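Working notes, beginning with the structure itself.
The values are calculated or read from the model by the stated rules, or taken from the named source; none is laboratory data. Everything numeric in this text was worked out from a predicted model, so none of it was measured. Note: ideal-geometry Cβ built from the backbone for every residue, glycine included; neighbour counts use all protein chains shown. Each accessible area value is taken on the protein alone, full model and side chains, heavy atoms only, with ligands, DNA and RNA left out. Shrake-Rupley method; radii C 1.70, N 1.55, O 1.52, S 1.80 Å.
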Amino acid sequence: MSDLTPAPDPATGARVYELDRAHVFHSWSAQAQIRPMVVAGALGSHIWDYDGNRYLDFSSQLVNVNIGHQHPKVVAAIQEQAARLCTIAPQHANDQRSEAARLIVERAPEGLEKVFFTNGGADAIENAVRMARLHTGRHKVLTTYRSYHGNTATAIQMTGDPRRWANDGGATGVVHFFGPYAYRSPFWSGSVEQECERALEHLEQVVAFEGPGTIAALVLETIPGTAGILVPPDGYLAGVREICDRHGIVYVADEVMAGFGRAGEWFAVDRWDVRPDLIAFAKGSNSGYVPLGGVIISAEIAETFAQRVFPGGLTYSGHPLACAAAVASINAMTDEGIVEHARQLGADVLGPGLGEIGDRHPSVGEVRGLGVFWALDLVKDKATREMLVPYNASGEANEPMAALVAACKERGLLPFVNYNRLHVVPPCTTTDEEAKEGLAILDDALAVADRYATS
Ligand SMILES: Cc1ncc(COP(=O)(O)O)c(C=O)c1O
């Protein structure tokens, strides 16, 4: 790997940084308070900067580079497509778009038959909700507090996490409820089974009090991702499906983060054998090599728009470069057994390894996850489960997490963090050896978090 890393070039790095600071306006940030890392390149499970520092990417960037960086088959497909046809309007048929739709539908649960392509996850959610509203003739949408659904008007309103707060009011009819989270149960449950039962009972009540006949859709991250990798208890999603069926509510699975291998399945719902009416996807569908998202649509909902116009569209819907990247990525994931590898890596390396780390460190309250989708819920005190930093912590209050991230980076590991959680979310292609190397670094770095915890 190191022979493929270009020689350090700090002068170029400094120039890139200077221009970024002068002219680039970054997402979700107070612009004067950030110091972006200047990335020079990436390959496989690694990224590097201009100063000669190389990092094992345990973040997959924004949990989207499922196939790893610069997969040669995907790069070649984009290059070939660029030489052949860079772009085409969405009203025309295109070979890459047709093939990408076929490959996606082939992997989706039975009965999901068509794909509406978007530019990313937020607009996938936006359009899924629009379809559900028109299909049902109802307006309200139920989503969980612990969720992120994207940064467009409806999607940010549906989001439960604090990114919604400054954007509240952009859309109407969104109602939040609590999903299951046994470790920090909102229902005072004593077991996972009880959490499942009570979470479903709570949802049943929210539906009853909102008026079932007013609810168009229930939108649920199959495994809430940024909100904490909250793997649902067995039976929960089947219960959600049953509630939706009973009340004629469209069940939308947000698989933007959980789908395409992340959970060791093509779609995370496969693990529980549940069939949603609509699936929103994005990130892992082509690992973000070219922006892509979409909605996979059931035959019933597609039929609603057979003779009636669907009032939605995007200039770049089914963009040939993005679809060529999806075709190559899905084929490579299939041929190279990448989804199966992600499952095995979780079961044999990440799960057991993180479990041992959790036992060793007073700051690790809970380890949870599957596939290449893991969270450490960090605490001040294992007994009380007090969070290592408060919900929505920033500045001084976030100091323990900032110190932990710095310790990981000093040791060559790039983690993903959110409030009091560190997420272990490497590419699905990460080798067993790389995963073990990353776990060893994490084990060492967690000593920093332990200083803030009572042993
Ligand atoms: C579960 C989920 N839904 C939707 C989105 C929004 O996707 P995008 O940023 O591509 O618009 C994200 C992004 O992180 C996500 O994790």
Report summary line: Of the listed residues (Ala76, Ala14), the one being surrounded by 12 or more Cβ atoms within 10 Å (Cβ to Cβ), in contact (Cβ under 8 Å) with a residue 60 or more places away in the chain and among the small types (Gly, Ala, Ser) is Ala76
Report task. Kindly provide the set of residues from the range 265-284 that are touching a strand residue (DSSP E or B) at 6+ places or on another chain (Cβ under 6 Å), assigned to a loop (DSSP other than H, G, I, E, B) and more than 11 Å from the ligand (Cβ to nearest atom), ordered by number. Result -> Pro276, Asp277
Report summary line: Within the range 84-106, residues within 15 Å of Ser329 (Cβ to Cβ) and either open to solvent by 40 Å² or more (accessible area, probe 1.4 Å) or of a type in the set (Ser, Thr, Tyr) (or both) come out as Glu99, Arg102, Glu106
Query raised in the report: Any chance the range 157-175 includes a residue that's modelled with pLDDT of 95 or more, surrounded by 24 or more Cβ atoms within 10 Å (Cβ to Cβ) and near the ligand (Cβ under 10 Å from one of its atoms)?
Result: no
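Which residues, counting only those in the range 290-304, are farther than 17 Å from Pro320 by Cβ and either within 10 Å of the ligand (Cβ to nearest atom) or assigned to a helix (DSSP H, G or I) (or both)?
Initial filter on the range 290-304 (farther than 17 Å from Pro320 by Cβ): 295-304.
Of everything in the range 290-304, those that are farther than 17 Å from Pro320 by Cβ and either within 10 Å of the ligand (Cβ to nearest atom) or assigned to a helix (DSSP H, G or I) (or both) turn out to be Ala299, Glu300, Ile301, Ala302, Glu303, Thr304.
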Requested in this report: Within the range 115-147, count every residue that is among the hydrophobic types (A, V, I, L, M, F, W, C), within 11 Å of the ligand (Cβ to nearest atom) and open to solvent by less than 10 Å² (accessible area, probe 1.4 Å).
Outcome: 3
Requested in this report: Please give the number of the condition Ser287 fails out of (1) away from the ligand (no atom under 13 Å from the Cβ); (2) assigned to a loop (DSSP other than H, G, I, E, B).
Outcome: (1)
Query raised in the report: Which residues, taken from the range 227-266, are within 19 Å of Glu126 (Cα to Cα) and out of contact with any Leu (no Cβ under 6 Å at 6 or more places or on another chain)?
Result: Val250, Ala253, Asp254, Glu255, Val256, Met257, Ala258, Gly259
